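As structure tokens, the structure follows; a few thoughts come after it.
The values are calculated or read from the model by the stated rules, or taken from the named source; none is laboratory data. As the structure is a prediction and not an experimental result, all values here were calculated from the model. Heads up, the Cβs are rebuilt from the backbone with ideal geometry, glycines too, and the neighbour counts pull from every protein chain shown.
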Amino acid sequence: MNPEIKTREQGLKLLATALIHGVHWGHVLRQEKSQLKGDPVLFGRGNLPAGRPEKLFADFQKLVAIQPRKVADWVEGQENPEIAALVKELIADPIPESEKLPVNVMIAYMKRRLTGPEDFFVRAVANLVQLCLEVDHDGTLLQDLFRIYIALGVKQVYLPTTDEEQIAAGKELAPLCAKCPYETDTAAFHAIIKKIVQWTTKNSGQRDRFVLAKEMLNEPEIKALIPKLKALSPRRVAFLGHSMMMSLHWSTYGSWTDVASETVKLVNPKFEHRPFQSGGLTASRAVQLHLANVLEYKPTETWIEVAMTRPEDPPALDKIAAEIRKTGSALYIVDDVRPWSELDPQAAQTFKEVCQKHGGKLMQWHALGRKQPGYERWQALDVIHMVTEGHLFYARETLKVWANGEK
């Protein structure tokens, strides 16, 4: 047993303190390079020696990268020299105690909102919000932090769940915060609270792509496709694309690609899929980041949805299609799954030409989405991404493609 931890409560307190401190030192580093400046005292280095904040933030990154089960065991008193050393380092240097620090604003808010919550839970939720405010880490460190807290039992955050309540919370919280090197206005808190609620529900498994797949399999329209989906020959499906293909994004409980794939896998064990994805992925970046891995995967079927914003993107897409078709893989190119936006005519023409040249199938899903009543509701709060309802629509369309054997 770890002699430094006498009780679970003590372990939780030490861990939460270390994690809150670690995020703060990241904010201090952000202050020094961000155009948006926060309070110089609250987000300054203070009397720390040169390089100390950098080391502390690096220690935080190491801590959240540790397997969550090992962290949970350490909290329970099991010895782990690595975790013990990182926690000790992170709590060695105090951070400002100001009630205007967003993390302290959130701790006070959670205590007002709930009756008698344990200190660790309040600090865990505040810590998640603290890191989420610095949006650069949404898809990386924040997800690591979620995994640790979920392993420690934080599977509900008890934050407002409706837009009206979230906006009201933002109006309450925003004026209480000091000036920070990131946005803390009402809109920022509205978005952050929505993200934390969505990710907690999804990351804890309460509602994710697997749950959505089970629900979809019980829909009458999809039930009728089950015999055909069961009869599909073995296939390896590659999904090459940007965040509209990614279940990680906060806006949805599961992407259309993952929901459709997991639905098939429930009835057909010969089906497999793999994502090759990055946020904002253009065709030229897809060549650099993912093409070699796609080819190594040797898919029997490849779906592509990439952005076309640079002069080098059309030839890059042509290269991707040519290389993929050489392997014998079927090719599908999706024009856009955001019917509330305008389809780029130049990109649409490129998609059409590439499909014609390489024997691919152009999925004109932008127009298909526009035929659906209420598609305007599919637009997420960030006005870029799509909510679960829209992803479910395109998941159904994907299942129809597979069931009907379109090539």
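Okay, here's what the table says:
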{"item": "Some residue of segment 301-309 being touching a residue at least 60 places away in the same chain (Cβ under 8 Å), more than 21 Å from the chain's Cα centre (by Cα) and closer than 30 Å to K195 by Cα", "result": "no"}
{"item": "Residues satisfying the stated conditions in segment 78-123, i.e. outside any helix (DSSP H, G or I) and crowded, with 21+ Cβ neighbours inside 10 Å", "result": "I95, L101"}
{"item": "Residue within segment 230-238 that is outside the structural domain of A151 (by TED's automatic domain parsing) and part of a helix (DSSP H, G or I) present", "result": "yes"}
{"item": "Restricting segment 1-46 to residues that are farther than 22 Å from R123 by Cβ and not assigned by TED's automatic domain parsing to the domain that holds A151, the residue that is modelled with the lowest pLDDT", "result": "M1"}
{"item": "Residue list for segment 168-177, restricted to those being touching a Ser or Thr at 6+ places or on another chain (Cβ under 7 Å) and surrounded by 18 or more Cβ atoms within 10 Å (Cβ to Cβ)", "result": "G170, A174, C177"}
{"item": "In segment 127-174, residue modelled with the highest pLDDT [restricted to those that are more than 15 Å from I107 (Cα to Cα) and of a type in the set (S, T, Y)]", "result": "Y149"}
{"item": "Test: residue in segment 346-366 that is among the acidic types (D, E) and over 25 Å from the mean Cα position of the chain (by Cα)", "result": "yes"}
{"item": "Condition broken by V387, with the remaining ones in (1) in contact with a Ser or Thr (Cβ under 6 Å, 6 or more places away or on another chain); (2) surrounded by 17 or more Cβ atoms within 10 Å (Cβ to Cβ) satisfied", "result": "(2)"}
{"item": "Of all residues making up segment 178-193, the number that are surrounded by fewer than 22 Cβ atoms within 10 Å (Cβ to Cβ), hydrophobic (A, V, I, L, M, F, W, C) and either without any contact (Cβ under 8 Å) to a residue 60 or more places away in the chain or in a loop (DSSP other than H, G, I, E, B) (or both)", "result": "3"}
{"item": "Filter result (among the acidic types (D, E) and either closer than 21 Å to T263 by Cα or in contact with a Cys (Cβ under 8 Å, 6 or more places away or on another chain) (or both)) within segment 368-405", "result": "E389, E397"}
{"item": "Residues of segment 234-274 satisfying the condition of being without any contact (Cβ under 8 Å) to a residue 40 or more places away in the chain and aliphatic (A, V, I, L, M)", "result": "M246"}
{"item": "Looking only at segment 194-216, and only at residues there that are hydrophobic (A, V, I, L, M, F, W, C) and within 13 Å of the chain's Cα centre (by Cα), the one that is surrounded by the most Cβ atoms within 10 Å (Cβ to Cβ)", "result": "W199"}
{"item": "Subset tally (residues that are β-branched (V, I, T) and buried (at least 22 other Cβ atoms within 10 Å of the Cβ)) for segment 29-64", "result": "1"}
{"item": "Matching residues in segment 134-149 - criterion: being of a type in the set (A, V, I, L, M) and surrounded by fewer than 18 Cβ atoms within 10 Å (Cβ to Cβ)", "result": "V135"}
{"item": "Residue count for segment 282-329, restricted to those that are crowded, with 21+ Cβ neighbours inside 10 Å, farther than 27 Å from G405 by Cβ and in contact with a Lys or Arg (Cβ under 7 Å, 6 or more places away or on another chain)", "result": "1"}
{"item": "Tally, over segment 240-278, of residues that are hydroxyl-bearing (S, T, Y) and not in a helix (DSSP H, G or I)", "result": "6"}
